[in-house]
Structure formats: structure tokens, C-alpha cells
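Report on one structure; see the data block that follows.
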Amino acid sequence: MLKYETVDYDKENNALVILDQTKLPGEISYISLTDTEDIREAIYLLKVRGAPAIGVAAAFGLAAVSKRIEANTPEVFFEELNKRKEIINAARPTAVNLSWALERMMRVCENELPRAREAGAEGISCLTECLVKEALRMKEEDIAVCRKIGENGLTLLKQGDGILTHCNAGGLATCRYGTATAPVYIGQEQGYDFHVYADETRPLLQGARLTAFELQAAGVDVTLLCDNMAASLMVKGKIQAVLVGCDRVAANGDTANKIGTSGVAILANYYHIPFYVCAPFSTIDFQTETGKDIPIEERNADEVTTLWYKEKMTADGVKVYNPAFDVTDHSLITAFITERGIIAPDDLKKMDV
Ligand code: MRU
């Protein structure tokens, strides 16, 4: 597995530290962030990306900015913190982990307000310390959750299976193990060999730049393919399971994930290949009824026309459609692999406790 930390907190400088994923695989470089707008921009630009990693980065980011708030009372501090939370939360709309993590941080701070009031001059540092602790706890939880997803997912796989994945739901998208890659990494620990096929994932190439990179670095047998090649592998019997991550699962099981996921699910269904969504509970949004209610991020046209090319690939004025995610209908999902077990889409609602 990759030895690099995706997201971390620098206690000495009170800063969010991220591995800059826009530089991968060519360069390993870390960025240290302390300013609200810089944190929002880093998330928007995908320097840190993948739903669970975005959540933990936002939590560390809020902890870092909390250390720089100047306020006379805990109430004023809380109001100021809330303003900064709103700015970070606006970075990306689809991955529910972003708002989930930020709301959790605000709740912890709010619960601590009475104690902070009593603590007098020390009150605000009590609040900032409890924010740092909560963010560190989230990171540890994410590692444990991904490991459990890996153990549960492994029960569905056999030695030698061919596994197709889309985008990067790997260690780089989380704090360790990934979600869709976790069964592969846990399997590797136990002596399993899998053949992983990674969709390149246009337009931002998370599959080519990140999934292929991290699996290869871990010694996993990985083969890269263009997004339009999956059917030709499936028809040859090379794929025994599809494992993908998710950015938001609605209460009925409809699942938003990287653009192109829904097409892969339709192909898997046609070829009778199980299609599994690896989903930490933090990504399940029981407040959102169906996939139609999930906000889908639209991104800049130049990601399609210009980025990755020496020169622009389209005539000036050509209109571009560039949604970052699509929604896979729950009827196409064989099961969700979660930290609490394997759950059929129709049983998801029962887990809302
Ligand atoms: O735009 P990205 O790179 O943040 O999209 C990431 C994905 O779609 C992942 O599959 C998803 O966040 C799950 S990561 C465990």
C-alpha cells in the first residue's frame, strides 16, 4: 500500500496538510494550508479529492482556521467558525462527506460552548483543541471503516478474480486502504492475487493517474483501460466483479459516483457481473430520498477540451457537457459493501437508526 499520508494535521503549525493529487503520479508534494479560501480552493481543484478524504481534509481545515479566529467570547468564535464552515462547504456539492464532516465539527464545538463559557479566558482554546481532537478522531475512524469494508468485501471475492473499478476509490481517496480497493489490499495481506482493471476515468483521469499508480506501487496486478473498453473485457469473461466507491447514496440506494459509473453498472448488469458499491456509512445520506435529489457538480469545459492536451482539442465555441458525477440506479447495484456488512439496496432504509 502507498506509504504516503493523503490528509494530515500539522500540530506544530496548526495546518491542514495534503498530498497534492493534481501532481500525481509524477511528483510527490505536500501542501500546508491554514487559510479558509485556500482550503476551499484546494478541495475544488481536486488537490485533495475522494469523498472520505474530502471530509477529513475539511475537518482538519476547519480546525486549522479555528486557531486563527480572533474573538472575545465563545459565542462570537462560534459565529465566525460557522462563516468559515460555509465557505469550505461550498467547495463541492455532491460528496456528502464534506457537509457531514463539517456539521460534525460544528456540533462538537456547540456542545462544548457551556464549558468554554465557564473556562473564561481559556474558553476559546478549549474549543479549538476539541476541534483538533475531533478531526483526528475522524481520520482514525476512516482508517478503521475502510479496513472493515475491505474485510467484508473480501468475503465476496475469489482468488484470481478480475475486478473492474472506476475513478479512484483507493487509499488516495481516503485516509488508508480506500473503499473499492480495500478488499484488494486486505486480500493481498492474506495472500490473494487479483487482477484489477482500472478505467482511466475521463476527464480528470483519476483512474490513470491515481488508481493505477497506487495499485502498482502496492504490487497489485493492475491494467489500465480507456473508459469505452470495459464491455470488451466483460464479454471475454475477464471481470468477475465491479467494485466502485460513492460520493452520496440516497435513502433508496441510488448512488452518485464519478461520471461514467452508471454506464459501467449497466454493462455489468447486461453481462451478469455483480456490481458492488463500497460505501462508508458517512456517505449514505438518509435525508436524500432518491438519486434525483442529489446535487450533481458541473465543472469547467476546459477540463474536457484543453487539460492534458498540448493544445485545445475543439474548435472555439463548441459547447461542452461536463458533469463530475452520475447516478447509478439502485436496481443495478448488487449490494453495498459497508463497515456494518453487506447490504442489499432494498434493505438500506432499515439501517437508518
Ligand atoms: O471528483 P473526485 O475525484 O473527488 O471523485 C471521486 C469519486 O467519484 C470516488 O469514487 C468517490 O469519492 C469515492 S472515494 C472512496
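Each reported figure results from applying straightforward, stated rules to the coordinates on display, with no laboratory input. What you are looking at is a predicted structure, and each value in this text was computed from that prediction instead of being measured. Counting neighbours? That spans all protein chains shown, and the Cβs are built from the backbone with ideal geometry, glycine included.
What full-extension length gain, to one decimal in nm, is calculated for Lys23 and Asp221 as 0.36 nm per residue of separation minus the Cα-Cα distance?
69.0 nm
Ranked by Cβ crowding within 10 angstrom, fewest neighbours first, how are Thr155, Thr6 ordered?
Thr155, Thr6
What are the residues whose amide H is under 5 Å from the amide H of Tyr9, where those residues sit 5 or more places off or on another chain and H is modelled from the backbone?
Residues meeting the criterion, in which the H sits 1.01 Å from N, are Val17.
With a sphere of radius 11 Å drawn around the Cβ of Thr22, what net charge do the other residues whose Cβ falls strictly inside it have (Lys, Arg +1; Asp, Glu -1)?
Around Thr22, the charge tally is +2.
Can you compute the modelled spin-label distance between Ala344 and Asn228, with each label point 7 Å from Cα toward Cβ, in nm?
3.8
Note down the nm distance, to one decimal, between modelled labels 7 Å out along Cα→Cβ at Ser32 and at Ala121.
Each label point lies 7 Å from its Cα, and together they span 2.9 nm.
Starting from the amide H of Ala241, placed 1.01 Å from N in the peptide plane, find each other amide H under 5 Å away whose residue is 5 or more places distant or on another chain.
Gly162, Leu164
With the Cα gyration tensor of segment 155-351 giving a ≥ b ≥ c as the square roots of its eigenvalues, does the rule (a/c under 1.5 for rounded; else a/b larger than b/c for prolate; else oblate) give rounded, prolate or oblate? All intermediate terms of the calculation are to be shown ahead of the outcome.
On the way: a/c = 1.68, a/b = 1.17, b/c = 1.44.
Verdict is oblate for segment 155-351.
Could you give the angle, 0 to 90 degrees to the nearest 10, between helix 51-66's Cα long axis and the longest principal axis of the Cα atoms of the chain?
Approximately 20 degrees, to the nearest ten.
Packing-wise, with mean Cβ within 10 Å as the measure, how do 134-145, 89-100 rank, highest first? Don't jump to the answer; show the numbers that get you there.
Working: 134-145: 19.2, 89-100: 21.9.
Ranking the peptides 134-145, 89-100 by packing returns 89-100, 134-145.
May I ask for the distance between the Cα centers of segment 185-212 and segment 256-271, given as a whole number of Å?
17
How far is the Cα center of segment 90-141 from the Cα center of segment 39-67, in Å?
Distance between centres, Cα-based: 14 Å.
What does the charge count around Leu204 come to, taking other residues whose C-beta lies under 15 Å from its C-beta (Lys +1, Arg +1, Asp -1, Glu -1)? Intermediate results must be reported in sequence, preceding the final value.
Values: positive: Lys23, Lys47, Arg49, Arg92, Arg202, Arg209, Lys258, Arg299; negative: Asp20, Asp199, Glu200, Asp227, Asp247, Glu297, Glu298, Asp302, Glu303, Asp326.
Value of the local net charge: -2.
Could you tell me which residue out of Met229, Gly263, Leu210 lies farthest along the dipole of segment 199-342 toward its positive end? Charges go on the beta carbon: Lys and Arg +1, Asp and Glu -1, centred on the Cα centre.
Among Met229, Gly263, Leu210, the one farthest towards the positive end of the dipole of segment 199-342 is Met229.
Given H placed 1.01 Å from N in the peptide plane, which residues other than close sequence neighbours of Leu224 have an amide H under 5 Å from its amide H?
Placed amide hydrogens put Ala198 under 5 Å from Leu224.
Determine the sum of side-chain charges near Glu189: Lys and Arg each +1, Asp and Glu each -1, restricted to other residues whose C-beta is under 13 angstrom from that of Glu189.
With Lys, Arg at +1 and Asp, Glu at -1, the neighbours total 0.
Pick out, in residue order, every one of the GluC sites (Glu not before Pro) in segment 289-328 that is DSSP loop and has at most 15 other C-beta atoms within 10 Å; say none if there are none.
Glu289, Glu311
Can you work out the FRET efficiency for the pair Lys133 and Tyr192, with r the C-beta to C-beta distance and R0 = 41 Å, to the nearest 0.05? Intermediate results must be reported in sequence, preceding the final value.
Details: r = 37 Å, r/R0 = 0.90.
Computed FRET efficiency for Lys133 and Tyr192: 0.65.
Tell me which trypsin sites (Lys or Arg not before Pro) from segment 1-88 have a DSSP coil assignment and no more than 11 other beta carbons within 10 Å of their own. Don't skip to the answer; put the middle values down first.
Working: sites: Lys3, Lys11, Lys23, Arg40, Lys47, Arg49, Lys67, Arg68, Lys83, Arg84, Lys85; in loops: Lys3, Lys11, Lys23, Lys47, Arg49, Lys67, Arg68.
Here the trypsin sites (Lys or Arg not before Pro) that fit, given the DSSP loop and packing criteria, are Lys3, Lys11.
Given 0.36 nm per residue, what is the gain on full extension from Glu311 to Val76 after removing their alpha carbon distance, in nm?
That pair, Glu311 and Val76, stretches by 79.6 nm at full extension.
Work out, step by step, the length gained on full extension between Asp293 and Ile266: first 0.36 nm times the residue separation, then minus their alpha carbon distance; give nm to one decimal. Present the calculation step by step, with values, prior to reporting the outcome.
Values: separation 27, 0.36 × 27 = 9.72 nm, distance 2.09 nm.
Going from the current span to full extension adds 7.6 nm.
Would you calculate, for the chain, the mean residue ellipticity at 222 nm contributed by helices, counting each DSSP H stretch of 4 or more residues as -39,500 (n - 2.57) and dividing by all residues, to the nearest 500?
Details: 10 runs with 130 residues, N = 353.
Calculated at 222 nm, the ellipticity per residue is -11500 deg cm²/dmol.
To the nearest 10 degrees, how steep is helix 96-118 against the longest Cα principal axis of the chain, on a 0 to 90 scale?
20
In debye to the nearest 20, how big a dipole does segment 155-351 give about its Cα centre with +1 on each Lys and Arg Cβ and -1 on each Asp and Glu Cβ?
It works out to roughly 220 debye.
To the nearest 10 degrees, how steeply does helix 74-89 sit against the main Cα axis of the chain, on a 0 to 90 scale?
Between helix and principal axis, roughly 20 degrees.
Which whole-number percent is the relative contact order of segment 7-147 (Cα, under 8 Å, 6+ apart)? Walk me through the numbers before you get to the answer.
Working: 188 pairs, mean separation 33.1, N = 141.
Dividing the mean separation by the residue count of segment 7-147 yields 23 percent.
Lys83 to Asp302: FRET efficiency via 1/(1 + (r/R0)^6), r the Cβ-Cβ distance, R0 45 Å, to the nearest 0.05?
With a Förster radius of 45 Å, E is 0.90.
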